[in-house]
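Here the structure comes first, spelled out in structure tokens, and everything after it is commentary.
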Amino acid sequence: MKRIVSGIKPTGSLTLGNYIGAIKQFVKLQKERKDDEFFLFIADLHAITIRQVPHELRQRTLDIAAMYLACGLDEEKTVLFIQSEVPQHVELGYILQSNVYMGELERMTQFKDKAQKGQESITSSLFTYPALMAADILLYDADYVPVGDDQKQHLELTRDIAERFNHYYNNFFTVPEPIIPKVGARIMDLQDPNKKMSKSEDNPKGYITLFDNENLIKKKIASAVTDSLAIIQFDPINQPGLANLINIFASMSDQSIEEIVEKYKESSYKNFKEDLGQAIVDVLKPIQEKYQALIKSDKLQEILDKGRDTANQYAFKKMRKCKQKIGLGRK
Ligand code: AQP
């Protein structure tokens with residue numbers, strides 16, 4: 001039996017990028033890997049690396065939990081919990097900060113991208129974010145971590161930290177492997193296909209959220225940036241906007257990129273975009289209905305209580321052993 005751990009930050013409404021790169025994958029893995037254990041947490045501690053409005057943060061945390069369940073997460077097989085409700089994440093995060101070097105953190109491209117917005121607004125926790133992320137994973141001895149392409153570098157660092165710790169303290173953590181989807185690992189912004197689709201992006205035309213209604217989804221796809229070549233082919237270098245839309249189409253309709261290109265090679269961009277908009281609506285509509293039923297239910301709270309208690313049991317034991325290993329406390 002293997003353990004699979006994944007998290008998602010409540011920094012904005014979930015986007016199609018989060019759905020394709022993370023949620024869909026997680027749900028698929030659960031169906032394929034019947035004997036494995038799944039831990040999924042809402043990473044609210046990671047969210048506060050950037051200033052958040054308290055009531056919005058709390059609401060989004062619940063929204064994401066409900067959305068995951070609406071997307072088909074198997075509640076029986078998942079330990080679903082909120083990161084800040086398991087204090088050992090912070091405790092181990094601090095210990096791992098003492099096992100990662102400034103130079104390693106400085107090389108993280110996500111930090112560099114976010115830091116571009118100005119040093120004054122950069123918190124120190126944004127800088128040490130990868131140590132907390134490593135703690136999220138190592139605390140549960142994850143074997144696999146499903147991530148989009150953007151998190152590959154952080155996961156590499158988690159592996160380095162685990163190996164370093166294991167070397168010094170004699171094999172203590174499981175060194176996790178990433179699972180990266182073949183299609184949809186990096187969904188790009190609809191208005192600027194050179195940057196990834198992000199939920200904290202300022203321009204809402206650049207992303208589709210899982211809460212957008214039919215009209216808005218179709219409008220955003222219709223106004224997505226393409227090119228003037230007017231040929232439907234998969235060419236990410238010369239037609240990055242179109243390639244991104246083909247990627248989204250393939251993932252949302254469970255077809256390969258080749259199948260989509262074959263089907264639309266004679267079509268206009270307009271027809272292609274209309275069908276893509278409809279394909280997204282067809283997937284998101286039933287999810288949104290399930291979400292509405294769940295968000296105010298007692299069931300959601302019960303699932304999160306149970307998840308917190310189970311995660312706490314694992315985390316407590318692992319941290320006790322960890323402190324013993326490194327000589328903290330009296331015994
Ligand atoms: N554009 C994307 N394409 C594919 N996968 C993506 N993921 C995020 N964006 C894309 C995957 O979603 C999971 C959860 O990500 P996260 O919320 O923890 O952090 P993130 O990667 O920083 O996501 P965002 O939307 O870009 O958040 P902000 O704007 O707050 O930084 C991860 O597995 C990620 O790979």
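Quick note: the coordinates plus some simple rules give every number you see, no bench work behind them. Bear in mind that the values here come from a model prediction, so they are computed numbers and not experimental data. Using ideal geometry, Cβ is built from the backbone for each residue, glycine included, and neighbour counts are taken over all protein chains shown.
How tilted is helix 269-295 with respect to the longest principal axis of the chain? Cα atoms for both, answer in degrees (0 to 90, nearest 10). Compared with the principal axis, the helix lies near 40 degrees.
Leu294: net charge of surrounding residues, Cβ under 12 Å, Lys/Arg +1, Asp/Glu -1, itself excluded? Before the final figure, lay out the partial values.
Numbers: positive: Lys290, Lys296, Lys299; negative: Asp63, Glu75, Glu289, Asp298, Glu302.
Once all neighbours under 12 Å are counted, the net charge is -2.
Pairs exceeding a 23 Å alpha-carbon distance, out of Lys219/Lys270; Lys2/Lys31; Lys31/Lys220; Lys9/Lys306: Lys31/Lys220.
For region 69-197, lysine pairs separated by 8 or more sequence positions, or belonging to different chains, with Cα-Cα distances below 21 Å total 13. The angle between the Cα long axis of helix 298-326 and the longest principal axis of the Cα atoms of the chain comes to about 50 degrees, rounded to the nearest 10. Sorting the segments 39-45, 306-312, 205-211, 285-291 by their residues' average number of neighbouring beta-carbon atoms within 10 angstrom, most packed first, yields 39-45, 205-211, 306-312, 285-291. Amide H contacts of Ile179: Val145, Val147, each under 5 Å away and 5 or more positions distant or on a separate chain (H built 1.01 Å from N in the peptide plane; Pro and chain starts excluded).
List the relative contact order of the chain as a percent without decimals, with contacts defined as Cα pairs under 8 Å and 6+ residues apart.
Value for the chain: 23 percent.
What does the charge count near Ser268 come to, summing +1 for each Lys or Arg and -1 for each Asp or Glu among other residues with Cβ under 15 Å from its Cβ? Taking every Cβ under 15 Å from that of Ser268, the sum is 0. Derived scalar couplings between HN and Hα for region 70-81 equal 5, 7, x, 4, 8, 5, 6, 9, 10, 8, 9, 8 Hz in order, rounded to whole Hz, by the Karplus curve 6.51 cos²θ - 1.76 cosθ + 1.60 (θ = phi - 60°), x for Gly and Pro. The antiparallel fraction among DSSP beta bridges confined to the chain stands at about 10%.
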